[in-house]
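Student: The structure is given below, and queries will be raised subsequently.
The values are calculated or read from the model by the stated rules, or taken from the named source; none is laboratory data. The model shown is predicted, which means the values in this text are computed figures rather than measured ones. With ideal geometry, Cβ positions are generated from the backbone for all residues, glycine too; neighbour counts draw on all protein chains shown. Accessible surface areas use protein heavy atoms only, side chains included; no ligands, DNA or RNA. Shrake-Rupley method; radii C 1.70, N 1.55, O 1.52, S 1.80 Å.
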Amino acid sequence: MKECIMLAAGLSQRMGTWKMLLPWGTGTVLDSALGGALSFCDRVILVTGHRADELHQRYRQHPQIALCFNASYRAGMFSSVQRGVTALCSEEPFFIVPGDMPAVDPNIYAALWRPNAIRCQRPVCDSGKGHPVLLPPALAPTILAAPPESNLRQLMLHHGCQDVQVTSKSIHWDLDTPEQYQQLRGLLS
């Protein structure tokens, strides 16, 4: 089973407003990010925190979305990664992607997929690394055992990474500020 942990628990402080349900195309930022992941993955584990009730209400009936509440979301993104890992169902590699990346080219998931991956797979375009990333199942216990102040990037580097060259700059397009949101909407319209 191809699974993706999507992180949607944060406060969106740099955006100034909650970004997950900002308008995007015919839906929202998060709708688009989920659609991209589900175009390749069998299941998305949606990690919620801030305003979790709204997301649980919105996606509770979706058969391919497993809702996973992170009570410690204020502790930072790594706490959401850890919470998502606890909800994995399979012993296969799994993706991690932030929920504020509505324009990721769905083909990126296929380009990264290695069913027998023993190293982390990360996309690279124009010499820059991005998301989503594919992690081997052997990394899951390390993530769960790591202290809360840990950093996923450091754990990935310690485990070993393989860069996968892709042609889509969408691996860099996350929405942290109002300027990034407006710029990306203008670029894609």
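Student: Take His62 and tell me if it is part of a helix (DSSP H, G or I) and open to solvent by 20 Å² or more (accessible area, probe 1.4 Å).
Tutor: Judged against the criteria, His62 is not a match.
Student: Just the residues that are open to solvent by 20 Å² or more (accessible area, probe 1.4 Å) and in contact with a Pro (Cβ under 6 Å, 6 or more places away or on another chain), please, taken from segment 17-39.
Tutor: Trp24, Ser32, Ser39
Student: Go through segment 22-48 and count every residue that is more than 17 Å from Met101 (Cβ to Cβ) and modelled with pLDDT of 95 or more.
Tutor: Count: 2.
Student: With the condition kept exactly as written, say whether any residue in segment 108-115 is out of contact with any Cys (no Cβ under 8 Å at 6 or more places or on another chain), modelled with pLDDT of 95 or more, exposed (fewer than 15 other Cβ atoms within 10 Å of the Cβ) and among the aliphatic types (A, V, I, L, M).
Tutor: yes
Student: How many residues, within segment 2-16, are open to solvent by 10 Å² or more (accessible area, probe 1.4 Å), among the aliphatic types (A, V, I, L, M) and not in a strand (DSSP E or B)?
Tutor: Final tally of qualifying residues: 2.
Student: Could you say which residue among Leu7, Leu38, Leu46, Leu30 is touching a residue at least 60 places away in the same chain (Cβ under 8 Å) and over 18 Å from Pro148 (Cα atoms)? Spell out the reasoning first.
Tutor: Values: Leu7 fails: over 18 Å from Pro148 (Cα atoms); Leu38 fails: touching a residue at least 60 places away in the same chain (Cβ under 8 Å); Leu46 fails: touching a residue at least 60 places away in the same chain (Cβ under 8 Å).
Matching residue, one of Leu7, Leu38, Leu46, Leu30: Leu30.
Yes/no per residue for (1) open to solvent by less than 60 Å² (accessible area, probe 1.4 Å); (2) closer than 16 Å to Phe40 by Cα; (3) not in a loop (DSSP other than H, G, I, E, B):
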{"position": "Cys89", "(1), (2), (3)": "no, no, no"}
{"position": "Phe95", "(1), (2), (3)": "yes, yes, yes"}
{"position": "Arg153", "(1), (2), (3)": "no, no, yes"}
{"position": "Asp163", "(1), (2), (3)": "no, no, yes"}
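Student: Under the condition of being part of a helix (DSSP H, G or I) and either touching a residue at least 40 places away in the same chain (Cβ under 8 Å) or touching a helix residue (DSSP H, G or I) at 6+ places or on another chain (Cβ under 7 Å) (or both), which residue from segment 130-151 is farthest from Leu112 (Cα to Cα)?
Tutor: So the residue we want is Leu144.
Student: Could you grab me the full set of residues in segment 131-143 that are within 17 Å of the chain's Cα centre (by Cα) and either open to solvent by 10 Å² or more (accessible area, probe 1.4 Å) or closer than 14 Å to Val97 by Cβ (or both)?
Tutor: His131, Pro132, Val133, Leu134, Leu135, Pro137, Ala140
Student: Okay, moving on. Those residues that are open to solvent by 20 Å² or more (accessible area, probe 1.4 Å), part of a helix (DSSP H, G or I) and either of a type in the set (Phe, Trp, Tyr) or over 14 Å from Ser150 (Cα atoms) (or both), I need them from segment 66-87; list them, please.
Tutor: Tyr73, Arg74, Thr86
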